[in-house]
Amino acid sequence: MSEIEGSSLIMKFNLTVKKKFFLVKFLRLILKLSWDEMLVLFFPSRQSFQMMLRTRFPSSSVKHIRQLTAVSLRYASADSTAPAVQLTASQKQRREEFLRQEADREAAVDISQLSDAEQLIRECHAAAVARFHFTYDDPATEFRVMTRYRHYLRGSCCGNACRHCIYAHENVMDAEVKARRHFNSAFWVDLPAASEEPGG
């Protein structure tokens, strides 16, 4: 695909330059797409984007593909008109350190352990973290969930057995809650309830 053809496709998608930047950043971070693959998103229909996702993730369910499409478009169309925040040298340093730690955490994720629903949660979280957001909306419940970036800034475990705790739940006092939580290599989840014995 030539540069002229690529530019023509981008112009078809009605996004500001800043919104396109966030969209491309999201896709490169989460989906690791090539330039040609990213251009698919700039076609005017969702169907073309979903077709690309099916090719990229052939084992994913139709529901997962639709949810990921919605997440991508939501971040692409998010309000980007707010003025850029001026960071202090200390804040910049903390962000850089967080990103170094985050890269190590992401490198340790075993995708094979994650269900489609868990992969979608990971993608939503990563998209929020890429923009240094404190929270994101859970794709299933729409509840607000704190990101690892917020936990990092807090500096210690809050004791609530949070999904993205980076402190190994060290301050969770309830032994039953702590035993119920399992780290799936990306974030904390509840273990499946043990089935009762027949007649028990």
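Okay, here's what the table says:
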| item | result |
| --- | --- |
| Mean Cα-pair separation over length for region 88-200, i.e. relative contact order, pairs under 8 Å, 6 or more apart, % | 19 percent |
| Taking L191, L153, L114 and counting other C-beta atoms within 10 Å, the order from fewest to most | L191, L153, L114 |
| Protection proxy ranking, peptides 141-148, 164-171, 125-132, average beta carbon neighbours within 10 Å, highest first | 125-132, 164-171, 141-148 |
| Order of K92, K178 under a 10 Å beta carbon neighbour criterion, fewest first | K92, K178 |
| Environment charge of T147, counting only residues whose C-beta is closer than 14 Å and scoring Lys/Arg +1, Asp/Glu -1 | +4 |
| Gained length - W188 relative to E97, 0.36 nm times residue gap less alpha-carbon distance | 30.5 nm |
| Debye log10 I(q)/I(0) at q = 0.11, 0.13, 0.20 Å⁻¹ for region 88-200, Cα point scatterers | -0.40, -0.54, -1.18 |
| Alpha carbon centroid spacing (whole Å) that separates region 159-187 from region 111-146 | 17 Å |
| Cβ-based net charge around A168, under 14 Å, with every Lys or Arg adding one and every Asp or Glu removing one | +4 |
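Bear in mind these aren't lab numbers, they're just calculated from the coordinates by the rules spelled out. Fair warning: this is a prediction, and the values are worked out from it, not measured in the lab. Methodologically, a virtual Cβ is constructed for each residue, glycine included, from the backbone with ideal geometry; neighbour enumeration extends over all protein chains shown.
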